[in-house]
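First comes the structure, then the notes that go with it.
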Amino acid sequence: MADSTPRDPRKLALAYLANHQVMTLATTGPLGVWAAAVFYVNEGFNLIFLSAGHTRHAQNMTAVPHIAATIQKDYRDWQQIQGIQLEGEVSLLSDVSRETAISRYRQKYPFLAQADVAMQAVLARVNWYVLKPDRLYFIDNSLGLGHRDEIALV
């Protein structure tokens, strides 16, 4: 018997974000265009990640905080491709929002609890960011090549 529940791209996109770990950032700025993969944790559609301030993508984000990103796994068949494409604003987290982000990140990545002292020190001093999308698409090629649903974010 077929499932009569209507397809809900918003729920599909949130589930996809919750079940994946790596986001590829696309930045531009004084150092030129750049892409970098980072671990993330989502809070709804907001994406929290960390990076050292001296990296090329972090310097670009400081200069031009409007960036693009994708989240997808490595598919072997184009008809199976699903993922997220988005663009939005990045900002540096501080104070309580930073501490909350670190806590959420540790929940998603429990291996951090076993990190050595040097790694704990890095996590304490690294920059924490939030990417707030203003445009987000859920890609689902199982519905046709290039099929994507725009997700309303307001």
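A short reminder: the numbers here are calculations on the coordinates, not readings from a lab. The shown structure was predicted, so the numbers you read here are calculated from the model rather than taken from an experiment. Cβ sites come from the backbone with ideal geometry, for glycine too, and all protein chains shown count toward neighbours.
Results, tabulated for the structure shown:
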read-out: Spacing of the two label points (7 Å from each Cα toward its C-beta) at Gln114 and Gln80, in nm; value: 2.8
read-out: Choice from Gln82, Gln120, Gln59 with maximal GNM fluctuation in the chain (Cα, 10 Å cutoff); value: Gln120
read-out: Sum of side-chain charges, Thr27 neighbourhood, beta-carbon under 14 Å (Lys, Arg +1; Asp, Glu -1); value: -1
read-out: Between helix 95-108 and the chain: long-axis angle, C-alpha atoms, 0 to 90°, nearest 10; value: 60
read-out: Theoretical gain in end-to-end length, Ser103 to Ala152 [0.36 nm per residue, Cα-Cα removed]; value: 14.9 nm
read-out: Folded to 0 to 90 degrees: helix 9-18 orientation relative to the chain principal axis, Cα; value: 40
read-out: Sequence ranges 67-79, 124-136, ranked by mean other-Cβ count within 10 angstrom, highest first; value: 124-136, 67-79
read-out: FRET efficiency for Lys11 and Ala121, using Cβ-Cβ distance with R0 set to 41 Å, rounded to 0.05; value: 0.55
read-out: Glu87/Leu143 FRET efficiency (R0 22 Å; Cβ-Cβ; nearest 0.05); value: 0.50
read-out: Residue-wise HN-Hα coupling along region 52-61, computed from phi with Karplus coefficients 6.51, -1.76, 1.60 (Hz; x: Gly, Pro); value: 6, x, 7, 5, 4, 5, 5, 5, 4, 5
read-out: Whole-Å distance, taken between Cα centres, linking region 24-94 and region 100-130; value: 18
read-out: Contour minus Cα-Cα distance for Asn46 and Lys73 (0.36 nm per residue); value: 7.8 nm
read-out: Mean Cα-pair separation over length for the chain, i.e. relative contact order, pairs under 8 Å, 6 or more apart, %; value: 25
read-out: Label assignment, Cα extents along the principal axes in Å derived from the structure, set (1) 86, 53, 30; (2) 54, 37, 34; (3) 38, 34, 29; value: (2)
read-out: Signed unit charges on C-beta, dipole axis of the chain, positive-most listed residue Val22, Gly146, Thr55; value: Thr55
read-out: Peptide ranges 48-57, 97-106, 144-153 listed from the most packed, as the mean C-beta count within 10 angstrom indicates; value: 48-57, 97-106, 144-153
read-out: Within-12-Å neighbourhood charge of Leu86 [Cβ basis; K, R +1; D, E -1]; value: -1
